C-alpha cells in the first residue's frame, strides 16, 4: 500500500469519526429518519419513537447545534422540527443502514 492510500484512509477515518459525533448517539438517526417525511411536532416525535422526554430533548438540541435540523416555532408554545439540507443529505446513508440491518436479520 502506498503512503497516499494510507493517508487517505486516515482522513476518511477522521471524517467518519466527525460524522459519528453528530449521528452516532443512540436515537439520533431514528430522529433524522422520522423527519425525512417532513416536519414533526415534539410530541409526535416522542410518541412515535417511544423516547423519554429528556432523551429526546437532548438529541434534538445536539442535532440542532450540529446543523442537522432546525426548530420551527408554532402557536401556543409548541415546537416542530424539520431537517436542514445537511440533515436531508443523510437520506441515502439511512437507507443504506436500513438495508444493512434488514440483510442481517434474514
message: Out of everything in segment 26-58 that is part of a loop (DSSP other than H, G, I, E, B) and in contact with a helix residue (DSSP H, G or I) (Cβ under 7 Å, 6 or more places away or on another chain), what residue ends up being modelled with the lowest pLDDT?
response: 27
message: Condition check: surrounded by 10 or more Cβ atoms within 10 Å (Cβ to Cβ) and in a helix (DSSP H, G or I). Does residue 103 satisfy that?
response: no
statement: How many residues of segment 59-90 are more than 14 Å from residue 22 (Cβ to Cβ), in contact with a helix residue (DSSP H, G or I) (Cβ under 8 Å, 6 or more places away or on another chain) and either at pLDDT 95 or above or in a strand (DSSP E or B) (or both)? The answer is 6
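The values are calculated or read from the model by the stated rules, or taken from the named source; none is laboratory data. Every value quoted in this text rests on a predicted model; they were computed, and no experiment measured them. Because the Cβ atoms are built from the backbone with ideal geometry, glycine has one as well, and the counts that use them run over all protein chains shown.
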